[in-house]
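Notes follow once the structure below has been shown.
The values are calculated or read from the model by the stated rules, or taken from the named source; none is laboratory data. Here the structure is a predicted model, which means the values were calculated and not measured. Neighbour counts are summed over all protein chains in view; Cβ atoms, including those assigned to glycine, are modelled from backbone coordinates with ideal geometry. The accessibility values were calculated without ligands, DNA or RNA, using every heavy atom of the protein model including side chains. Shrake-Rupley method; radii C 1.70, N 1.55, O 1.52, S 1.80 Å.
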Amino acid sequence: MPRPVIFAVAITGSIPRKAHNPAVPVTPEEQIESTHAAYEAGASLAHIHVRNPDESSSSDPELFARVQEGLRKHCPDMIQQFSTGGRGRDPAERGSSLSLKPDMASLATGSVNFKTIIYENEPQLIDALAEAMLEYEIKPEIEIFDLAMLYNAADLVERGLLKAPAHVQFVLGIPNALPPRRKMLEFLLSELEEVLPGATWTAAGIARHQIEMARWSLELGGHVRTGLEDNIKLDRETLAPSNAALVEQCVALCDEYDTRPATPTEAREMLGLRPAT
Ligand code: ZN
């Protein structure tokens with residue numbers, strides 16, 4: 001029996017379209033349409049950032065609400081995950097959309113250098129976001145950009161700020177952070193089993209590392225993330241045409257690993273989420 005795998009699509013991210021890819025959906029209408037196409041292609045989870053009209057990162061709950069409403073209408077059972085991260089957002093505002101009670105929200109459990117910036121997540125902010133997610137019954141996706149973040153997540157469980165079993169995402173291939181090495185992923189997985197037993201996991205590879213990471217995840221029992229957010233292209237000739245095209249590219253690997261895309265209902269069960277409302 002093929003193993004069901006959750007395909008997450010990170011539709012937008014936080015980098016302005018001009019510096020990234022003209023295909024990135026930015027307005028709520030574009031985001032809903034692009035997510036719907038990715039859903040049709042096999043994605044069961046959408047990771048969502050919203051943008052101000054000037055395309056800078058936004059925390060505006062009204063924008064999140066418009067996307068949430070549109071997705072509930074067009075892909076009602078798809079898992080919605082709001083980002084609490086991203087560059088250029090006021091830390092005090094990063095949790096402001098959690099009162100909309102999305103199914104999930106991202107939670108980075110430490111600070112890390114990226115290529116040109118510090119991705120700052122101070123301990124007080126991490127605790128405050130974790131507390132808000134508990135209050136609104138939102139399942140966090142723990143974002144592991146560097147090694148200590150895994151143990152910080154286990155500490156959140158110990159302090160009653162995170163419910164087990166957790167769901168974690170290992171992000172490999174960001175310059176200055178974790179390298180996209182198979183041995184690194186294998187080490188992370190063995191540590192995960194010890195410090196967060198029963199956790200589900202996804203490995204996300206950035207840009208040219210994406211397909212390799214998807215293959216390792218399919219092989220090693222994980223879930224897969226793709227999407228334009230992670231496909232930051234240096235080479236404009238090979239820009240990904242759409243979120244749906246990226247999902248199709250990853251779903252096409254399933255047969256080689258005796259896997260198949262999970263339905264949204266299966267994905268909700270695996271993550272311990274409530275059924276779609
Ligand atoms: Zn993101």
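State to the nearest 20 debye the size of the charge dipole of the stretch 61-103 about its Cα centre, where the only charges are +1 on K and R beta carbons and -1 on D and E beta carbons.
60 debye
Given a Förster radius of 35 Å and the C-beta distance between Glu194 and Ser96 as r, what FRET efficiency does 1/(1 + (r/R0)^6) yield to the nearest 0.05? Could the numbers behind the result be given before it?
Values: r = 35 Å, r/R0 = 1.01.
E between Glu194 and Ser96, to the nearest 0.05, is 0.50.
Leaving out ligands, DNA and RNA, and with a 1.4 Å probe, what % of the accessible surface on the chain is carbon or sulfur?
So the carbon and sulfur contribution to the accessible surface is 52 percent.
Rounded to the nearest angstrom and ordered from largest down, what semi-axes does the equivalent ellipsoid of the chain get from its C-alpha gyration tensor (root of 5λ)?
23, 22, 20
Report, for the stretch 113-209, the % of DSSP beta bridges that are antiparallel, rounded to 5.
For the stretch 113-209, the DSSP antiparallel bridge percentage is about 10.
With contacts defined as alpha carbon pairs under 8 Å and 6 or more residues apart, what's the relative contact order of the stretch 15-63 in percent?
37 percent
Charges only on Cβ, +1 for Lys and Arg, -1 for Asp and Glu: so what's the dipole of the chain about the Cα centre, in debye to the nearest 20? Intermediate results must be reported in sequence, preceding the final value.
On the way: 26 positive and 40 negative charges, 75 e Å.
Using Cβ point charges on Lys, Arg, Asp and Glu, the chain gives about 360 debye.
Are there chymotrypsin sites (Phe, Trp or Tyr not before Pro) in the stretch 24-88 that DSSP marks as loop and that have at most 12 other Cβ atoms within 10 Å, and which are they?
For chymotrypsin sites (Phe, Trp or Tyr not before Pro) across the stretch 24-88 that sit outside H, G, I, E and B with at most 12 neighbouring Cβ atoms in 10 Å, the list is empty.
Please identify every one of the chymotrypsin sites (Phe, Trp or Tyr not before Pro) in the stretch 99-150 that sits in a loop by DSSP and has no more than 16 other beta carbons within 10 Å of its own beta carbon.
Values: sites: Phe114, Tyr119, Tyr136, Phe145; in loops: Phe114, Tyr136, Phe145.
Counting only loop positions with at most 16 other Cβ atoms within 10 Å, the chymotrypsin sites (Phe, Trp or Tyr not before Pro) in the stretch 99-150 are Phe114, Tyr136.
Choose one answer from Thr259, Thr109, Thr202: the residue with the largest mean-square fluctuation in a GNM of the chain with alpha-carbon springs under 10 Å.
Result for the chain, Cα springs under 10 Å: Thr259 fluctuates most.
How long are the three semi-axes of the equivalent ellipsoid for the stretch 145-277, computed from the Cα gyration tensor as the root of 5 times each eigenvalue, in whole Å, largest first?
Those come to 25, 19, 14 Å.
Over the stretch 3-271, average the accessible area per residue using a 1.4 Å probe and give it in Å², no decimals.
Per-residue accessible area for the stretch 3-271 comes out at 42 Å².
Which of Ser59, Pro275, His167 sits closest to the plus end of the dipole of the chain, meaning its Cα is farthest towards the positive end, when Lys and Arg get +1 and Asp and Glu get -1 on the C-beta?
Among Ser59, Pro275, His167, the one farthest towards the positive end of the dipole of the chain is Ser59.
Could you work out the relative contact order of the chain, using alpha carbon pairs under 8 angstrom and six or more residues apart, expressed as a whole percent?
Once divided by the residue count of the chain, the mean separation gives 25 percent.
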